[in-house]
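Remarks on the structure that follows.
The values are calculated or read from the model by the stated rules, or taken from the named source; none is laboratory data. Note that this is a predicted model, so its numbers are computed, not measured. Cβ sites come from the backbone with ideal geometry, for glycine too, and all protein chains shown count toward neighbours.
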């Protein structure tokens, strides 16, 4: 498409504004003598907005986790928002000093964008998990490639850091990513655990990495899971 040029012209006679594009003329009313030239958005802004439009699709990716009121399953955009706010509230529980909670928040907002293409892989589905990394890598290349290179590279770096779990920020981000589904499951009376036949030992095995990023939160989860078994909302470990 060729460039679109908007010409806005004002005069001192009764209000009139002319907006000219390549193929249209739209009269409008105005009141001051001046002339403005508006040029079609440049490529950078266009790519940024293309990505933002694509990002809207994350709201349609359904997860296996139910909302705490058990009214419906959450979507991936809701999950990302929820754990990002959790980082602001619970960031103090990272071990040691100097964890950059702002970077944790960025990782949490970015880490599931790949699910637009790859879908949400249920963490206890071993068959689906076998191809998860390859699917998500391809999704990251396409989705972050929509952005201008500097932003796309930054998003890719954040996503890879989260996946590698080597920095204190990534370990805290992963701990919060695991904490939220446990809380949702507990407060929805174990709805997802029960409908998928998930037992206590599998939940512990999945989530014990929380101890790397937030030991206090992991101890809380251990106690919560024991309580869930006692209450009959989490099936006990398989024998």
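Taking residue 135 as the residue in question, decide whether it is at pLDDT below 95, under 22 Å from residue 115 (Cα atoms) and surrounded by 16 or more Cβ atoms within 10 Å (Cβ to Cβ).
Details: at pLDDT below 95: yes; under 22 Å from residue 115 (Cα atoms): yes; surrounded by 16 or more Cβ atoms within 10 Å (Cβ to Cβ): yes.
Spelling it out, residue 135 is indeed at pLDDT below 95, under 22 Å from residue 115 (Cα atoms) and surrounded by 16 or more Cβ atoms within 10 Å (Cβ to Cβ).
Table: residues versus (1) outside the structural domain of residue 208 (by TED's automatic domain parsing); (2) free of Cβ contacts under 8 Å to residues at least 12 places away in the same chain; (3) farther than 28 Å from residue 211 by Cβ; (4) in a helix (DSSP H, G or I).
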position: 134; (1), (2), (3), (4): no, yes, yes, yes
position: 138; (1), (2), (3), (4): no, no, yes, yes
position: 158; (1), (2), (3), (4): no, no, no, yes
position: 163; (1), (2), (3), (4): no, no, no, yes
position: 170; (1), (2), (3), (4): no, no, no, yes
position: 183; (1), (2), (3), (4): no, no, no, yes
position: 186; (1), (2), (3), (4): no, no, no, yes
Residue list for region 188-198, restricted to those being touching a strand residue (DSSP E or B) at 6+ places or on another chain (Cβ under 9 Å) and either without any contact (Cβ under 8 Å) to a residue 12 or more places away in the chain or assigned to a helix (DSSP H, G or I) (or both): 191, 192, 195
Filter region 70-97 for residues that are touching a helix residue (DSSP H, G or I) at 6+ places or on another chain (Cβ under 8 Å) and farther than 28 Å from residue 58 by Cα and give the result. 93, 94, 95, 96
Report, by residue number, each residue of region 140-155 that is surrounded by fewer than 18 Cβ atoms within 10 Å (Cβ to Cβ) and part of a helix (DSSP H, G or I). 141, 142, 149, 150, 151, 153, 154
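Only one residue in 23, 60 is out of contact with any helix residue (DSSP H, G or I) (no Cβ under 7 Å at 6 or more places or on another chain), modelled with pLDDT of 90 or more and exposed (fewer than 14 other Cβ atoms within 10 Å of the Cβ). Which one?
Details: 23 fails: modelled with pLDDT of 90 or more.
Answer to the check: 60.
Regarding residue 122, is this residue touching a strand residue (DSSP E or B) at 6+ places or on another chain (Cβ under 9 Å) and either surrounded by fewer than 22 Cβ atoms within 10 Å (Cβ to Cβ) or within 27 Å of residue 99 (Cβ to Cβ) (or both)?
Yes.
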Quick one: in region 102-119, which of the residues that are free of Cβ contacts under 8 Å to residues at least 24 places away in the same chain and surrounded by 14 or more Cβ atoms within 10 Å (Cβ to Cβ) is nearest to the chain's Cα centre (by Cα)? 105
